[in-house]
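The block underneath contains the structure these notes are about, expressed in structure tokens.
The values are calculated or read from the model by the stated rules, or taken from the named source; none is laboratory data. Bear in mind the structure is a predicted one, so any value in this text is a computation, not a measurement. Note that we place each Cβ from the backbone using ideal geometry, even for glycine, and neighbour counts take in every protein chain shown.
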């Protein structure tokens with residue numbers, strides 16, 4: 001059985017990547033599917049893999065997808081079958097009859113149908129990320145995730161990327177007509193606040209079990225800053241406003257109230273806005289005015305708030 005012996009007790013089967021160089025992975029814990037680009041990220045041998053969805057950590061050999069396993073098995077069976085057929089060929093013989101009425105005996109190996117290879121295609125995912133800490137390129141469903149290499153959660157990275165997009169919208173507004181510029185500035189304001197809301201929700205959801213009320217932490221909204229400031233104090237013992245001066249905090253509060261008018265009142269000032277925003281220039285019934293430099297200022301302040309919130313929640317949960 002020389003050909004089988006040459007195969008040895010291990011068959012190496014390269015797993016193909018997709019057209020962008022990504023390899024599919026499947027979490028053994030939550031069965032979540034994601035992709036990584038090997039060659040980017042951390043360098044070294046026997047590095048663990050972190051599930052981007054549930055955070056489960058194990059060796060990379062535990063993250064094969066079902067399709068990859070089926071593909072590898074079909075290749076292995078095919079290689080073993082070919083080697084076995086070649087070895088059995090050596091046992092073929094053909095003894096012809098020696099006399100007119102003698103009996104001839106022969107043995108011929110007829111290989112069966114080749115084992116079909118179980119080819120597959122990696123799935124298309126929704127978000128591609130390059131980790132800001134270890135530079136691993138990975139792809140996931142949804143938006144927020146742990147880095148499969150270093151385990152860093154990407155919530156702050158995604159949040160800052162959204163703020164950068166809002167800044168680019170403001171750049172476009174500078175060269176647009178008046179009506180288009182106004183809409184771009186309003187959209188940039190809404191996008192900034194939506195990004196902060198999504199970022200804060202994800203951060204609290206991720207650390208909910210370490211709060212004083214896990215259910216409340218999982219459903220916390222960040223669209224009402226005054227309310228969420230007090231709730232964060234109760235849940236995690238942190239003050240959201242610590243990163244800003246009182247003047248800066250009031251500027252952010254006012255921007256959030258303007259966003260509420262745009263989303264729910266067509267931008268028309270009402271008494272609730274005057275009361276909550278502390279805007280001395282506001283006139284009930286008039287349309288709210290939002291300036292480009294005002295939104296740029298908000299972007300900078302939200303970046304400071306986001307960084308502070310991320311650090312404080314991490315510190316608070318590590319101490320608990």
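Quick one: is residue 163 in the same structural domain as residue 308 (by TED's automatic domain parsing), within 18 Å of residue 305 (Cα to Cα), at pLDDT 95 or above and crowded, with 17+ Cβ neighbours inside 10 Å?
Answer is yes for this residue.
Which of (1) more than 30 Å from residue 266 (Cα to Cα); (2) out of contact with any helix residue (DSSP H, G or I) (no Cβ under 7 Å at 6 or more places or on another chain); (3) outside the structural domain of residue 61 (by TED's automatic domain parsing); (4) not in a helix (DSSP H, G or I) does residue 212 not meet, given it meets every other one?
For residue 212, the failing item is (2).
For the stretch 23-37, state whether one or more residues are in contact with a helix residue (DSSP H, G or I) (Cβ under 6 Å, 6 or more places away or on another chain), in contact (Cβ under 8 Å) with a residue 24 or more places away in the chain, assigned to a loop (DSSP other than H, G, I, E, B) and under 22 Å from residue 144 (Cα atoms).
yes
Test each condition in (1) in contact with a strand residue (DSSP E or B) (Cβ under 8 Å, 6 or more places away or on another chain); (2) touching a residue at least 40 places away in the same chain (Cβ under 8 Å) for residue 193 and report the one that comes out false.
(1)
Look at residue 289 and say whether it is loosely packed, with under 15 Cβ neighbours inside 10 Å, free of Cβ contacts under 8 Å to residues at least 24 places away in the same chain, within 24 Å of residue 168 (Cα to Cα) and in the same structural domain as residue 189 (by TED's automatic domain parsing).
For residue 289, the condition - loosely packed, with under 15 Cβ neighbours inside 10 Å, free of Cβ contacts under 8 Å to residues at least 24 places away in the same chain, within 24 Å of residue 168 (Cα to Cα) and in the same structural domain as residue 189 (by TED's automatic domain parsing) - is met.
In the stretch 60-102, which residue that is within 30 Å of residue 34 (Cβ to Cβ) and in contact with a strand residue (DSSP E or B) (Cβ under 6 Å, 6 or more places away or on another chain) is modelled with the lowest pLDDT? So that I can check it myself, show each step before the final result.
Going through the stretch 60-102, the residues within 30 Å of residue 34 (Cβ to Cβ) turn out to be 60-79.
Add one more test, that the residue is in contact with a strand residue (DSSP E or B) (Cβ under 6 Å, 6 or more places away or on another chain), and what stays is 60, 63, 65.
Values: 60: 93, 63: 97, 65: 97.
Per the criteria, the residue is 60.
If residue 226 passes every condition in (1) at pLDDT 95 or above; (2) farther than 21 Å from residue 153 by Cα but one, which one does it miss?
(1)
Here's a check for you: in the stretch 43-52, which residue that is modelled with pLDDT of 95 or more and out of contact with any strand residue (DSSP E or B) (no Cβ under 6 Å at 6 or more places or on another chain) is surrounded by the most Cβ atoms within 10 Å (Cβ to Cβ)?
Filtering first and then ranking leaves 51.
If only one of 315, 310 is closer than 18 Å to residue 240 by Cα and either modelled with pLDDT under 90 or touching a strand residue (DSSP E or B) at 6+ places or on another chain (Cβ under 7 Å) (or both), which one is it?
Within the list 315, 310, the selection yields 315.
Would you check if residue 178 is surrounded by fewer than 16 Cβ atoms within 10 Å (Cβ to Cβ), modelled with pLDDT under 95 and touching a helix residue (DSSP H, G or I) at 6+ places or on another chain (Cβ under 9 Å)?
no
One line per residue, one yes/no per condition, for (1) assigned to a helix (DSSP H, G or I); (2) within 29 Å of the chain's Cα centre (by Cα); (3) within 18 Å of residue 309 (Cβ to Cβ):
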{"residue": "168", "(1), (2), (3)": "yes, yes, no"}
{"residue": "184", "(1), (2), (3)": "yes, yes, no"}
{"residue": "190", "(1), (2), (3)": "yes, yes, no"}
{"residue": "193", "(1), (2), (3)": "yes, yes, yes"}
{"residue": "205", "(1), (2), (3)": "yes, yes, yes"}
{"residue": "231", "(1), (2), (3)": "yes, yes, yes"}
{"residue": "254", "(1), (2), (3)": "yes, no, no"}
{"residue": "257", "(1), (2), (3)": "yes, no, no"}
{"residue": "263", "(1), (2), (3)": "yes, yes, no"}
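Hey, can you tell me all the residues within the stretch 239-250 that are surrounded by fewer than 16 Cβ atoms within 10 Å (Cβ to Cβ) and part of a helix (DSSP H, G or I)?
Across the stretch 239-250, the qualifying residues are 242, 246, 247, 250.
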